[in-house]
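A.B. asks: Here it is, the structure in full.
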Amino acid sequence: MRYAIYFTPRQDEKLARIAANWLGRDPFGAATRPVEAVGDLSAAEVAFHTASARRYGFHATLKAPFRLAASETETSLRAALDSFAEATPVVMIPRLVVSQIDGFFALVPEAPLPALNRFAGDVVLAFDRFRAPLTETEIERRSPDSLKPDEFRNLCQWGYPYVFETFRFHMTLSGRAGPQESLRLRAAIESLFAEVLLRPVPVDALTLFVETEPGAPFMVLSHHALGRRPARKTA
């Protein structure tokens with residue numbers, strides 16, 4: 001069993017509903033659903049391009065999937081998420097845009113947001129004690145030879161290459177696409193998400209996902225709203 005700490009909009013928000021329809025799965029407990037044709041893409045093409053993202057559900061990674069440390073429990077993890085969330089203010093993303101990162105399409109902030117990067121770093125630091133150390137097999141799965149030196153250091157120290165200075169907030173919508181496919185895929189995504197991309201997106205919760213067994217789809221286990229009480233002052 002693995003856990004992950006992600007951001008995802010509430011199930012009833014329009015962005016979440018559109019993304020669930022696009023990916024063909026709602027991680028809030030709903031079963032896989034048939035995808036539909038979008039723009040010039042047939043339903044079969046949409047299903048093909050979203051296959052790798054479907055298992056994880058619509059999300060932005062804050063604390064990458066991890067096995068639970070021997071000294072911790074699911075109960076202690078959820079309690080810590082409640083405490084952290086209550087003391088942490090909401091971070092606003094003024095606008096998301098469609099971007100292609102290493103071949104796959106994702107929604108990313110239109111401009112750099114230092115507050116969002118600090119928030120993501122705080123999550124990594126606060127919850128690393130819940131993470132069991134990576135095994136050699138888990139490290140190998142990350143293709144360490146392809147990582148830059150700082151990414152490899154992050155992988156060994158924090159369990160994920162893309163944290164702190166290498167972090168980039170993104171909400172994945174597809175697998176890797178070649179140049180010939182990318183134009184049609186981008187057009188379909190931009191047409192489908194056009195209305196919601198005009199609106200600001202509040203990062204207003206931490207969501208705990210769980211993978212119950214290797215290869216199982218990641219599902220929402222609990223949702224922890226941010227900013228429900230002021231942070232406690234310390235001396």
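A.B. asks: Find the relative contact order for the chain and round it to a whole percent, using C-alpha pairs within less than 8 Å whose residues are 6+ positions apart.
C.D. replies: Worked out over the chain, it gives 34 percent.
A.B. asks: Further, regarding this structure: Could you tell me whether region 115-154 comes out rounded, prolate or oblate from its Cα gyration tensor? Rule is a ≥ b ≥ c as square roots of the eigenvalues, rounded for a/c under 1.5, then prolate if a/b exceeds b/c, otherwise oblate.
C.D. replies: Oblate.
A.B. asks: Please compute the per residue accessible area over region 2-225 with all protein chains in place, 1.4 Å probe, rounded to a whole number of Å².
C.D. replies: That works out to 48 Å² for each residue.
A.B. asks: Work from the charge dipole of the chain (Cβ charges, +1 for Lys and Arg, -1 for Asp and Glu, about the Cα centre) and give the residue of P133, I101, L77 farthest towards its positive end.
C.D. replies: L77
A.B. asks: Assuming a ≥ b ≥ c are the square roots of the Cα gyration tensor eigenvalues, decide whether the chain counts as rounded (a/c under 1.5), prolate (otherwise, with a/b larger than b/c) or oblate.
C.D. replies: prolate
A.B. asks: Same structure again: At most 11 other C-beta atoms within 10 Å and a DSSP loop state: those are the exposed trypsin sites (Lys or Arg not before Pro) I care about. Give me the longest piece of the chain that has none.
C.D. replies: Of all site-free stretches, the longest is 1-227.
A.B. asks: Rounded to the nearest 20 Debye, what is the dipole magnitude of the chain about its Cα centre when Lys and Arg each give +1 and Asp and Glu each give -1 at the C-beta?
C.D. replies: Result for the chain is approximately 500 debye, rounded to the nearest 20.
A.B. asks: Okay, which of region 1-37 sit inside 13 Å, backbone N to the point 7 Å along the Cα-Cβ direction of R55?
C.D. replies: 2
A.B. asks: Between helix 14-23 and the chain, what is the angle of the helix's C-alpha long axis to the longest principal axis, kept within 0 to 90° and rounded to the nearest 10?
C.D. replies: 70 degrees
A.B. asks: Continuing with the same structure: Residues in region 169-198 near a label at E36, defined as backbone nitrogen under 16 Å from the 7 Å Cα→Cβ point?
C.D. replies: 188-196
A.B. asks: Still on this structure, please answer the following. Residues of region 69-100 with backbone nitrogen within less than 14 Å of a virtual label 7 Å along the Cα-to-Cβ line of A115, please, listed as ranges.
C.D. replies: Residues passing the 14 Å test: 88-95.
A.B. asks: Could you calculate the FRET efficiency of R199 with A79 from 1/(1 + (r/R0)^6), where r is the beta carbon distance between them and R0 is 25 Å, rounded to 0.05?
C.D. replies: The calculated FRET efficiency here is 0.15.
A.B. asks: Follow-up question, since we're still on this one. Between R184 and R10, what FRET efficiency follows from the Cβ-Cβ distance if R0 is 30 Å, with the result rounded to 0.05?
C.D. replies: Calculated value: 0.45.
A.B. asks: How much length is gained on full extension from S191 to C156, taking 0.36 nm per residue of separation minus their Cα-Cα distance?
C.D. replies: Answer, rounded to one decimal: 8.6 nm.
A.B. asks: Also, I was wondering about something else. Quick check: at a probe of 1.4 Å, how many percent of the accessible area of the chain sits on carbon and sulfur atoms?
C.D. replies: Solvent-exposed carbon and sulfur of the chain make up 54 percent of the total.
The values are calculated or read from the model by the stated rules, or taken from the named source; none is laboratory data. Note that the coordinates shown come from a computational prediction; the quantities given were computed from them, not determined experimentally. Note that we place each Cβ from the backbone using ideal geometry, even for glycine, and neighbour counts take in every protein chain shown. Areas reflect the complete protein model, heavy atoms only, side chains present, ligands, DNA and RNA absent. Shrake-Rupley method; radii C 1.70, N 1.55, O 1.52, S 1.80 Å.
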